[in-house]
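A.B. asks: Right, I'll just put the structure down here and ask away after.
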Amino acid sequence: MDLTVKSEVVLSVYIISFLIGLPANLLALYAFSVKIYSKPLPIDILLLNLTVSDLLFLLVLPFKMHEAAKGMIWTLPYSLCTVTAFTFFSTIYTSALLLMAVSVVRYVSVAFPITYHKIGNRKHVYAIVTSAVIWIISTAHCSITIITQELPSLANKNMTACYEKFTEKQLEVVLPVRLEFFFVLCVIPLLISVYCYLSCIWILYTRQGISAAQKQRAIGMALGTLAVFLICVVPFNISHAVGFFRHESATWRDYALLLSAFNTCIDPIIFYFSSSTFQFKSDKFIFRRKGRTAPGLQMQDANSGKE
């Protein structure tokens, strides 16, 4: 594709993502801040972190928009490219790992409702620790953007694009690390999410005492979240594997990255359904065993009020 057309496409997608994603995520940030202050749930803590991750992504997006407007040429200070690339990519992987964590919480709450209920307030501690670990993992991995651009032996001060065109020395470092990204930060979270959501669907489909409407909402949300993972996260990471075996950055990598930008527009929809309209209330979940209902546990309709 012609570079001018490419820059116009990239700029258009970034502008749309920014204009839709920023107000949507700011609204989500306010909603979760209020909810966590009043009566937080573990999933709300995870989704608050997901909101913060998306907002950080959106804050550096204007710099990528500026690059696209200049014909995919980086004209801003070199150090600003490092900050932009580090934030840009680390938030993408933070979001992917947090989506995986949300799937695990949903699975545990549905598959083991009594155990989930007995954990009590420790659930919040686990959610906070999990969020912190995810931030550490994603930022530690994406420190490669700092290393390849600031380490004297690897730095390329004559670059024309931000974290795009690499020297042979840089490729020797970047490509193997990207392959590790593909397996550790994409394939493993994807497999965990698929297992958790398919298990949830199976449990809800076979368990008695849950209305058809509730099952449809839960199944629709599970499949929708998986679709987001497959569409917005997987293609960009596949480019890592392709680039490793070809010993070059895949030419279509920039377009796959645009799908990750759109994720900031879709995430607030997931936030809404995950935290309010669609919500497994594990401490009130119907759990039938040998014909009896566990004391104090019942499944409320998702629209019957919010905690």
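Every number in this text was worked out from the coordinates using simple rules, so none of it is lab data. As the structure is a prediction and not an experimental result, all values here were calculated from the model. No Cβ is skipped: glycine too gets one built from the backbone with ideal geometry, and neighbour counts run over all protein chains shown.
A.B. asks: Tell me the net charge near Arg253. Cut-off is 13 Å between Cβ atoms, Arg253 excluded, with +1 for each Lys or Arg and -1 for each Asp or Glu. Walk me through the intermediate numbers first.
C.D. replies: On the way: positive: Lys6, Lys165, Arg178, Arg246; negative: Glu164, Glu248, Asp254.
So the surrounding residues net to +1.
A.B. asks: Given a Förster distance of 41 Å, report the FRET efficiency between Leu80 and Arg207 from their Cβ-Cβ distance, rounded to the nearest 0.05. Write out the running numbers ahead of the final one.
C.D. replies: Working: r = 53 Å, r/R0 = 1.29.
Efficiency, from the Cβ-Cβ distance: 0.20.
A.B. asks: In nm, give the distance between the simple-model label positions of Lys215 and Ile73, each being 7 Å from the Cα along the Cα-to-Cβ direction.
C.D. replies: Distance between the two pseudo-spin positions: 6.1 nm.
A.B. asks: Around Ile144, what is the net charge, scoring Lys/Arg as +1 and Asp/Glu as -1 over all other residues with Cβ under 10 Å from its Cβ?
C.D. replies: Numbers: positive: Arg178; negative: Glu180.
Summing Lys and Arg as +1 and Asp and Glu as -1 gives 0.
A.B. asks: Next question. Any chance you could give the angle, 0 to 90 degrees and rounded to 10, that helix 122-142 forms with the longest Cα principal axis of the chain?
C.D. replies: Once rounded, the angle reads 20 degrees.
A.B. asks: Let me ask something additional. Return the long-range amide H neighbours of Leu154 (sequence gap of 5 or more, or a different chain), with a cut-off of under 5 Å between placed amide H atoms.
C.D. replies: none
A.B. asks: Among Tyr163, Phe183, Met65, whose Cα sits farthest toward the positive end of the charge dipole of the stretch 3-281 (+1 at Cβ of Lys/Arg, -1 at Cβ of Asp/Glu, about the Cα centre)?
C.D. replies: Result: Phe183.
A.B. asks: On to the next question. What length, rounded to one decimal in nm, is gained on full extension from Leu230 through to Ser33, with 0.36 nm per residue of separation minus their alpha-carbon distance?
C.D. replies: Values: separation 197, 0.36 × 197 = 70.92 nm, distance 2.88 nm.
So the extension gain works out to 68.0 nm.
A.B. asks: With axes computed from alpha carbons, what is the tilt in degrees of helix 253-272 against the longest principal axis of the chain, rounded to the nearest 10 within 0 to 90?
C.D. replies: It works out to around 30 degrees.
A.B. asks: Please give the length that would be gained between Leu154 and Glu180 if that part of the chain were fully extended, namely 0.36 nm times their separation in residues minus their C-alpha to C-alpha distance (nm, one decimal). Can you show the working numbers first?
C.D. replies: Numbers: separation 26, 0.36 × 26 = 9.36 nm, distance 1.97 nm.
Full extension of this stretch gives 7.4 nm more.
A.B. asks: Dipole size in debye (nearest 20) for the stretch 3-281 around its Cα centre, Lys and Arg Cβ +1, Asp and Glu Cβ -1?
C.D. replies: Values: 19 positive and 12 negative charges, 195 e Å.
Computed about the Cα centre, the dipole is about 940 debye.
A.B. asks: Apply 1/(1 + (r/R0)^6) to the Cβ-Cβ distance of Ala140 and Arg246, taking R0 = 35 Å, and write down the FRET efficiency to the nearest 0.05.
C.D. replies: On the way: r = 27 Å, r/R0 = 0.76.
Efficiency computed from Cβ-Cβ geometry: 0.85.
A.B. asks: Then there is this: Does the chain come out rounded, prolate or oblate by the C-alpha gyration tensor, with a ≥ b ≥ c the root eigenvalues, rounded set by a/c under 1.5 and, if not, prolate when a/b is larger than b/c and oblate if not? Present the calculation step by step, with values, prior to reporting the outcome.
C.D. replies: Values: a/c = 2.32, a/b = 2.12, b/c = 1.09.
Since a/c reaches 1.5 and a/b is larger than b/c, the shape of the chain is classed as prolate.
A.B. asks: Something else: How large is the helix-only mean residue ellipticity at 222 nm for the chain, computed as the sum of -39500 (n - 2.57) over DSSP H runs with n ≥ 4, divided by its residue count, in deg cm²/dmol to the nearest 500? Walk me through the intermediate numbers first.
C.D. replies: On the way: 11 runs with 216 residues, N = 307.
Calculated from helices alone, the mean residue ellipticity at 222 nm is -24000 deg cm²/dmol.
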